[in-house]
Amino acid sequence: MVATALSSSVVSVPESAEAESPHIEVPSEPSGTTTRAPVVLDVRGLTTYFYTYDGVVQALEGVSFKLRRGETLGLVGETGCGKSVTAFSITRLVQEPPGRVVGGKVLFRGANLLWGLDEEATFKPIKGSDRVKVRRRFRKIKASHDRLASIRGGGIAMIFQEPGQAMNPVFSISDQVGEVVLLHRAIELIDGLLAATPDAPGVAPAIEQLVAAARDGDPTAITAAAAEVGRAANVSSFGTEAHYLAKDATPDTWDRLAQDLEHRLRRLRLAPSQRAYLRNRRHLAEAEQKLRGVYLEEMRRGESHPRDRRRALAARRRARISGMRFILPGIKRRASKPVREETFWRVVQALEGVRIANPVQVAKGFPHELSGGMLQRVMIAMALVGNPDILLADEPTTALDVTIQAQILELMRDLRHRVGTAILLITHDLAVIAEVADRVAVMYAGQIVETAAVKEVFSRPLHPYAQGLLASIPRFDQPTKKLTSIYGSVPNLIHPPSGCRFHPRCPYAMPVCRETRPTLTDEGNGHHVACFLYNGPKVVE
Ligand SMILES: Nc1ncnc2c1ncn2[C@@H]1O[C@H](COP(=O)(O)OP(=O)(O)OP(=O)(O)O)[C@@H](O)[C@H]1O
Ligand code: SF4
Ligand SMILES: [Mg+2]
């Protein structure tokens, strides 16, 4: 008997899943899931292989799930089941070669992130062996990766299982976190600019020039082009702000910004009806700006009155969140401060946010000077800085001690409530899942075998594998229960078992299980399972 690799932490299932439901603007189902919230990530049939000398590792085979706004989906399974590869495949960060996402769709903001996959490589089986010759078209692959780079960080952020591998050893922490801060801030700036003046004459060509300058990474040209944009849009502080950004941003930041700008430029070349829509947005932005004039007045008064100061601070937070802060004339003085200083301060704030005790020293330090737990928190700070729509968190708390673990989970919960971030939480620890997830997806050998609301899975696991996982952990709600483990171990994915991949370990395996792959079917209450015990020919003698 081989014990499962899952953590043996004690699990207490929430009394009522309702208590766990997020307090965000989106409506949520009484069960604690947010099934009526809009879908922000739709993964369909994701298939990823690793082409090794021993053969093709079929690491993911048709993984599908949806993530809704503000929802936390827990992804569980033994070691080697494909949890990390799922997260890497969504963001196209699978190590290539030997890996390759070979099929599926990842729909985010209405676009398929895996668009153009078929054109990136051709495959030819090598006769007489299990191997395949893969011819990669690296230019096409690079174009896809460039397209995705602007989404990573801002739209989709990731916390990696191995923080050491994700940080660059030669740059200081403040440089690395600061880059994300700068990028996010530059995007805020452009968004604010376009919201205020979407159709002012001359803005589009000026931005085109700025894109070209950003692509070249030439700070002087960037400053000149930005000043031109500022003149065309009648927002003079834009030029000043861009001047400091140009001085401090790395070429990579500008490259990513250029991609983002290009995306936004498309909005300037719209049909009249679409432009009318944007004009309405401009009126809204103007109204907001007026409102902020009041806030600024409050801020000035706040210097002498504690109550007003509190209100002013709240107003400043609101102003900051709205992304218009840097083009407000009232705070021009602040905006023209060197960006480096401001960025450093924001990095320190981000580090404080993840409870790093001496953030100034840590910001000045380098990755090798930090412990694994500290690095993990720096990575979490980096992921949270951009207020992402989606957070892919791969074992975010495994390397941390229990008190810090609780603080980090609290941070993630806060992000979910404040920004409506949807979280894919990958973990071995079912206690963490029980505490923070709305739904659970159980993964086995590269496939999702069961999904349901967290309470449903803990109280009524259907798949024999999910039953095995739950039987192997101690539970407060079943104190007299005897612990058992799952027979055998995860199969070699070069030669995965035929039919149901779990059949060699399953105590209920039937002949049909060896021949046919079961598909996920709805067993009521939003509970989906892939097992012939529920949804197929029951017994074939
Ligand atoms: N670079 C690689 N080359 C070959 N196979 C790989 C590579 N990376 C991952 N795999 C294979 O993909 C499968 C899934 O691995 P993955 O890292 O996603 O597992 P996991 O569920 O995240 O496990 P853990 O809980 O240990 O992190 C495994 O069979 C693994 O051997
Ligand atoms: S399909 Fe068959 S082998 Fe697979 S889990 Fe169900 S009963 Fe077991
Ligand atoms: Mg992993």
task = Return the only residue of Leu430, Leu391, Leu462 being open to solvent by less than 40 Å² (accessible area, probe 1.4 Å), closer than 21 Å to Met167 by Cα and modelled with pLDDT of 80 or more.
result = Leu391
query = Is one or more of the residues making up segment 61-68 within 30 Å of Gln467 (Cβ to Cβ), open to solvent by 40 Å² or more (accessible area, probe 1.4 Å) and within 16 Å of ligand 3 (Cβ to nearest atom)?
reply = no
inquiry  = Considering only residues that are in a helix (DSSP H, G or I) and in contact with a Gly (Cβ under 8 Å, 6 or more places away or on another chain), which ones fall in segment 428-464?
reply    = Val432, Ile433, Val436, Val454, Lys455, Glu456
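Mind listing just one residue for me: the one in segment 370-388 that is of a type in the set (A, V, I, L, M) and more than 17 Å from Phe344 (Cβ to Cβ) and, of those, surrounded by the most Cβ atoms within 10 Å (Cβ to Cβ)? Show your work before the answer.
Within segment 370-388, the first condition is being of a type in the set (A, V, I, L, M), and the residues that meet it are 370, 374-375, 378-385.
With the extra rule that they be more than 17 Å from Phe344 (Cβ to Cβ), the set shrinks to 370, 374-375, 379-380, 383-384.
Working: Leu370: 19, Met374: 22, Leu375: 23, Met379: 24, Ile380: 27, Ala383: 25, Leu384: 22.
Filtering segment 370-388 for residues that are of a type in the set (A, V, I, L, M) and more than 17 Å from Phe344 (Cβ to Cβ), the one surrounded by the most Cβ atoms within 10 Å (Cβ to Cβ) comes out as Ile380.
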message = List pairs: first residue in segment 499-527 and assigned by TED's automatic domain parsing to the domain that holds Asp438, second residue within 16 Å of ligand 3 (Cβ to nearest atom) and in a loop (DSSP other than H, G, I, E, B) anywhere in the structure, Cβ distance under 7 angstrom, at least six positions apart or on different chains.
response = Arg501/Ala445
Matching residues in segment 69-96 - criterion: being out of contact with any Asp or Glu (no Cβ under 9 Å at 6 or more places or on another chain), open to solvent by 50 Å² or more (accessible area, probe 1.4 Å) and more than 9 Å from ligand 1 (Cβ to nearest atom) = Leu93
Considering residues of segment 43-56 that are out of contact with any helix residue (DSSP H, G or I) (no Cβ under 9 Å at 6 or more places or on another chain) and at pLDDT 90 or above only, the residue most open to solvent (accessible area, probe 1.4 Å) = Arg44
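The values are calculated or read from the model by the stated rules, or taken from the named source; none is laboratory data. What you see is a predicted model; the values in this text were computed from it and never measured. Methodologically, a virtual Cβ is constructed for each residue, glycine included, from the backbone with ideal geometry; neighbour enumeration extends over all protein chains shown. Heavy atoms of the whole protein, side chains included, go into the accessibility calculation; ligands, DNA and RNA do not. Shrake-Rupley method; radii C 1.70, N 1.55, O 1.52, S 1.80 Å.
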